[in-house]
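Q: Could you have a look at this structure, given as structure tokens, before my questions?
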Amino acid sequence: MFKFLSTLPIAVVFSYLCIAAYALEPCRIEIVDAENGWPVPLVELRTNHQVRLVSDNAGVIACDLPELMGVETWFTVEGHGYGVPADGFGLQGVRLVPEVGKRLTVKVTRQLPAKRIGRLTGAGLFAESQKMGEQQDWPETGVLGCDSVQIAEHRGRLFWAWGDTTMPNYPLGLFHMSSATTVLKPLTSFEPPLELRFKYFTNDAGRPRNVAEFQGEGPTWLSGYVSLPDRDGGQRLVAHYVKIKGYLTAYESGLCVWNDEAEKFVPLKKLWTKTDGDSEQPLAPEGHPVFWTDDGGTEWVLFGDPFPRLKCPATFEAWQDPKTWQAMKSQESVPTIDGEEKITPHRGSVARNEFRKRWVAVFTQLEGESSRFGEIWYAEASQPTGPWENGVKVVTHNNQTFYNPRLHPELTPADSPVLLFEGTYTHTFADHAVPTPRYDYNQILYRLDLNDPALIPTTGR
């Protein structure tokens, strides 16, 4: 190589060396929260010629654009709840001079209470850091993207499941629920960078596989994921299923049970089949379940999305018997903490929180301001039945969707002020939105600190 270079003009040699330098060491750009110095994932820097650079779970961007090395460059900043001050023309961005091997920092200001911890699913969680020679031992799962989480504690582990799942080998991936397990407390820290490792259920080739492939046309979607005691003293992992065809059209629903030996769900009971005379699904144990003991000491499992719509005694036998199911009236809107507006929920979940000694909820706003389904609200109630009040907007996604948010009280200590929740981030259902590389159609984890004054009403409850 050196003999070859010695025969070339100096200018050509310099060009070769510069190209090699670009290939070996990009400019490292770190995106950090100005308040606490935490790395911020999912912050996009966009150049004036529309190159998009997005921070990974460590808040890192590896800038390797040869045409901009050594050039003062304007980067528009899009942070989905994190940002920088606008200039005199209303433009929000920063000027940087990228250089080979240089380390630059962009401080962004969080605009709403929730802190973005990182992406839970998909490929390249630390792709930018890996370009810098870091996180080389981070394992890839073989999953590129997945939709809407379900989670339940079952037999000493957390069981996770997701809807339609994107794989690398073909545009059509898994459409009958992918699934994985973790230990009961898989996170040792609630600060970024997020590193949560899933153990997927795989096929003979070692690739993630379907766990709910039932007969019938179209995808299988599960919800109401919960582990319940049976009369023999065992635990049964159960779920409600729907079969889908066309564009989001359900034509069959029923109940299914996890087979621990086969490591898959099997149908238990069909509840409904769509016909001309019966086109609406009946009330069923779907959505996100939560356990509740009433004043009389009876333990129930409540099913809702976000607020409870059905309850049944918290046993396997009662869950499968529609005669034990009781309908609940679900609150249609939530007043904001300042009392000036009522928010219409779309999807979400509720949980009891011991730190606040209240029931808490997160939900997507229907027809939000920045996105039709991209703004997340927090609310509280003294009981899971409501009334839900003191709504606070905690997350926003500029012209992107963030749907089916799920609280994760099982991931934190019972008396912790930290409340975690995740949801599905995607360009789908937004207004001509451009998909965000790697992040699109994946699960993102957020953190709320329940001692934040923004979440506490100034007047008495």
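Q: Could you give every pair whose Cβ atoms fall below 7 Å, whose first residue belongs to region 310-322 and is of a type in the set (D, E, K, R), and whose second residue is in a loop (DSSP other than H, G, I, E, B), counting only separations of at least 6 or pairs across chains?
A: Lys311/Met328; Glu317/Asp230; Glu317/Arg231
Q: If you take the residues in region 374-396 that are among the small types (Gly, Ala, Ser) and out of contact with any strand residue (DSSP E or B) (no Cβ under 6 Å at 6 or more places or on another chain), which one is farthest from Pro308 (Cα to Cα)?
A: For region 374-396, the residue satisfying everything is Ser382.
Q: Right, next: Looking only at residues that are open to solvent by less than 60 Å² (accessible area, probe 1.4 Å) and in a loop (DSSP other than H, G, I, E, B) in region 140-169, which one is farthest from Glu30 (Cα to Cα)?
A: Gly156
Q: Provide a single number: the residues in region 170-196 that are among the polar types (S, T, N, Q) and either part of a loop (DSSP other than H, G, I, E, B) or more than 16 Å from the chain's Cα centre (by Cα) (or both).
A: Total satisfying the criteria: 4.
Q: If you take the residues of region 385-407 that are open to solvent by 20 Å² or more (accessible area, probe 1.4 Å) and closer than 23 Å to Gly83 by Cα, which of them is nearest to the chain's Cα centre (by Cα)?
A: Tyr403
Q: I would also like to ask the following. Can you find, within region 107-119, the residue that is least open to solvent (accessible area, probe 1.4 Å) among those that are more than 28 Å from Glu140 (Cα to Cα) and part of a strand (DSSP E or B)?
A: Looking at the filtered set, the residue picked out is Val108.
Q: Another question, then. Pairs needed: first member in region 262-280, among the β-branched types (Val, Ile, Thr); second member anywhere, in a strand (DSSP E or B); C-beta distance under 9 Å; at least 6 residues apart or different chains.
A: Val266/Cys256; Val266/Val257; Val266/Trp258; Val266/Asn259; Thr273/Tyr251; Thr273/Glu252; Thr273/Ser253
Q: Can you work out which of the residues in region 35-70 that are among the charged types (D, E, K, R) and either over 13 Å from Arg119 (Cβ atoms) or not in a loop (DSSP other than H, G, I, E, B) (or both) is most open to solvent (accessible area, probe 1.4 Å)?
A: In this case the residue turns out to be Glu35.
Q: Among the residues of region 326-384, count how many are open to solvent by 40 Å² or more (accessible area, probe 1.4 Å), in contact with a Pro (Cβ under 9 Å, 6 or more places away or on another chain) and of a type in the set (A, V, I, L, M, F, W, C).
A: Final tally of qualifying residues: 3.
Q: Every residue in region 34-66 that is of a type in the set (Ser, Thr, Tyr) and either touching a His at 6+ places or on another chain (Cβ under 7 Å) or farther than 25 Å from Glu191 by Cβ (or both), please.
A: Thr47
Q: Between a first residue in region 213-237 that is in contact (Cβ under 8 Å) with a residue 60 or more places away in the chain and open to solvent by 10 Å² or more (accessible area, probe 1.4 Å) and a second residue that is basic (Lys, Arg) and assigned to a loop (DSSP other than H, G, I, E, B), which pairs have beta carbons less than 7 Å apart while being 6 or more apart in sequence or on different chains?
A: Every condition considered, the pairs that remain are Gln235/Arg155.
The values are calculated or read from the model by the stated rules, or taken from the named source; none is laboratory data. Please read all numbers here as calculations on a predicted model, not as lab measurements. Please note: Cβ atoms are built from the backbone with ideal geometry, for glycine as well, and neighbour counts cover all protein chains shown. Only protein heavy atoms, including side chains, enter the accessible area calculation; ligands, DNA and RNA are left aside. Shrake-Rupley method; radii C 1.70, N 1.55, O 1.52, S 1.80 Å.
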